[in-house]
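First comes the structure, then the notes that go with it.
The values are calculated or read from the model by the stated rules, or taken from the named source; none is laboratory data. Keep in mind that what you see is a predicted model, and the values were worked out from it rather than measured. All Cβ positions, even for glycine, are placed from backbone atoms using ideal geometry, and neighbour counts span all protein chains on display. The protein model used for the area step is the full one, side chains on, heavy atoms only, and it has no ligands, DNA or RNA in it. Shrake-Rupley method; radii C 1.70, N 1.55, O 1.52, S 1.80 Å.
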Amino acid sequence: TGDGEVKTNIITLTRFLTERQNELGNHATGDFTLLCHALQFSFKSIAYYIRRATLTNLIGLAGSSNTTGDDQKKLDVIGNEIFINVMRGCGKVKVLVSEEEEEAIIFPGDGKYAIVCDPIDGSSNLDAGVSVGTIFGVFRLTDDAEGTAEDVCKPGTELVASGFTMYGASTQLVLTVKGGNVNGFTLDNALGEFILTHPDVCTPSRVMRIPKKRGIYSVNEGNSIYWDEACRAYFDSIKFPSTPEGKPYSARYIGSMVADAYRTLCYGGIFAYPADKKSKKGKLRILYECAPMAMVMENAGGLAVTSDQRRMLEVVPEHIHDRSGIFMGSYDEIKKVNEVYEKHGIVA
Ligand code: P6P
């Protein structure tokens with residue numbers, strides 16, 4: 001600080017959850033706080049294995065494939081097992097949907113929450129040392145819920161919390177609750193604690209807000225041959241600006257959704273995985289990739305829409321592994337997508 005005094009106000013995730021448990025939607029039982037402690041334990045455990053993967057030869061195919069035919073990496077299998085065991089053990093979860101499990105897992109007991117997750121998203125990049133992540137969403141079961149997959153085939157607007165943990169240069173947890181802000185935590189490996197941080201530590205409220213606009217776009221252009229006219233028109237408009245003062249956008253694409261999402265959240269711009277002729281419903285899954293990310297983007301002041309320009313959070317998945325096209329990021333950027341699509345007759 002200006003007077004030379006160092007003000008350190010270390011807030012751990014544990015303290016954050018305890019101090020804020022009323023506003024975090026605990027339904028006065030504290031169950032949500034206990035669930036979040038279980039979630040953070042899962043992330044710390046997965047981070048441990050990711051860090052050691054190259055040392056203990058965990059990288060490389062596990063010789064099996066998951067429900068959607070993706071080659072399973074050993075870490076995928078371990079990440080999935082960790083997540084399932086911790087969610088079962090905490091006693092607060094009734095339904096668990098994982099990208100790695102064909103069917104929803106129904107735990108015994110009277111857990112009041114349903115968890116949707118991709119334990120290690122982007123794992124195809126692991127061998128190359130690229131950041132990967134865990135994406136998660138939390139639904140609270142209705143009182144008449146029977147504890148089935150139907151309890152999570154709901155719009156993202158019914159999520160009570162969502163977020164992701166990125167295992168990169170450091171382990172970053174991004175957490176948001178329904179109607180709340182977005183908070184970023186960094187894992188202090190020595191202490192084993194997630195510490196409340198923010199890329200811009202000068203932000204006294206230490207919440208993450210996505211910049212309203214930024215000339216960065218993130219999409220796999222290798223698919224552009226499959227794009228529809230409106231999609232091509234939007235990307236052409238930011239790559240080949242029509243006005244002399246217009247500046248072409250920078251391209252940034254990592255190919256790991258958590259890494260591309262975290263950069264978009266911090267710097268602004270747009271991330272997109274459009275539905276196209278090759279992936280008619282899009283590639284990314286609604287429940288444990290698109291909806292949780294859309295909730296983070298909206299709570300950070302951004303937007304997220306589908307390829308037919310519907311609000312991502314209002315989409316109801318037809319089944320637990322259903323997919324959607326997605327455009328998400330800075331508020332002004334998504335409005336620009338809406339405008340271009342409207343000119344091509346595509347309006348939500
Ligand atoms: P593509 C990783 O496999 C993933 O599910 C997301 O993390 C990522 O955004 C996307 O697929 C990358 O897909 O087709 O560009 O390699």
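Here are a few things to note about the model shown:
- Residue within region 288-306 that is open to solvent by 10 Å² or more (accessible area, probe 1.4 Å), part of a loop (DSSP other than H, G, I, E, B) and polar (S, T, N, Q) present: no
- Exactly one residue out of T157, T165 is of a type in the set (S, T, Y) and open to solvent by less than 10 Å² (accessible area, probe 1.4 Å), and it is T165.
- Number of positions in region 269-298 that are over 15 Å from V138 (Cα atoms) and in contact (Cβ under 8 Å) with a residue 12 or more places away in the chain: 18
- In the set (1) touching a residue at least 40 places away in the same chain (Cβ under 8 Å); (2) among the polar types (S, T, N, Q); (3) surrounded by fewer than 19 Cβ atoms within 10 Å (Cβ to Cβ), the condition left unmet by S224 is number (1).
- The C-beta contact set for region 150-179 (first residue without any contact (Cβ under 8 Å) to a residue 40 or more places away in the chain, second residue among the hydroxyl-bearing types (S, T, Y), distance under 6 angstrom, 6+ apart or interchain) comprises S170/T186.
- For the residues S279, S242, the requirement of being within 15 Å of the ligand (Cβ to nearest atom), on the phi < 0 side of the Ramachandran plot, open to solvent by 10 Å² or more (accessible area, probe 1.4 Å) and part of a loop (DSSP other than H, G, I, E, B) singles out S279.
- Filtered residues of region 29-44 (kept if open to solvent by 50 Å² or more (accessible area, probe 1.4 Å) and either farther than 14 Å from K92 by Cα or modelled with pLDDT of 90 or more (or both)): L34, H37, F41, K44
- Among the residues making up region 173-223, those that are at pLDDT 95 or above and part of a loop (DSSP other than H, G, I, E, B) are I210, P211, K212, K213, R214, G215, V219, N220.
- So L313, is it part of a helix (DSSP H, G or I) and within 16 Å of the ligand (Cβ to nearest atom): no
- In region 102-140, the residues that are surrounded by fewer than 24 Cβ atoms within 10 Å (Cβ to Cβ), within 16 Å of the ligand (Cβ to nearest atom) and either under 13 Å from L287 (Cα atoms) or small (G, A, S) (or both): G122, S124, A128, G129, S131
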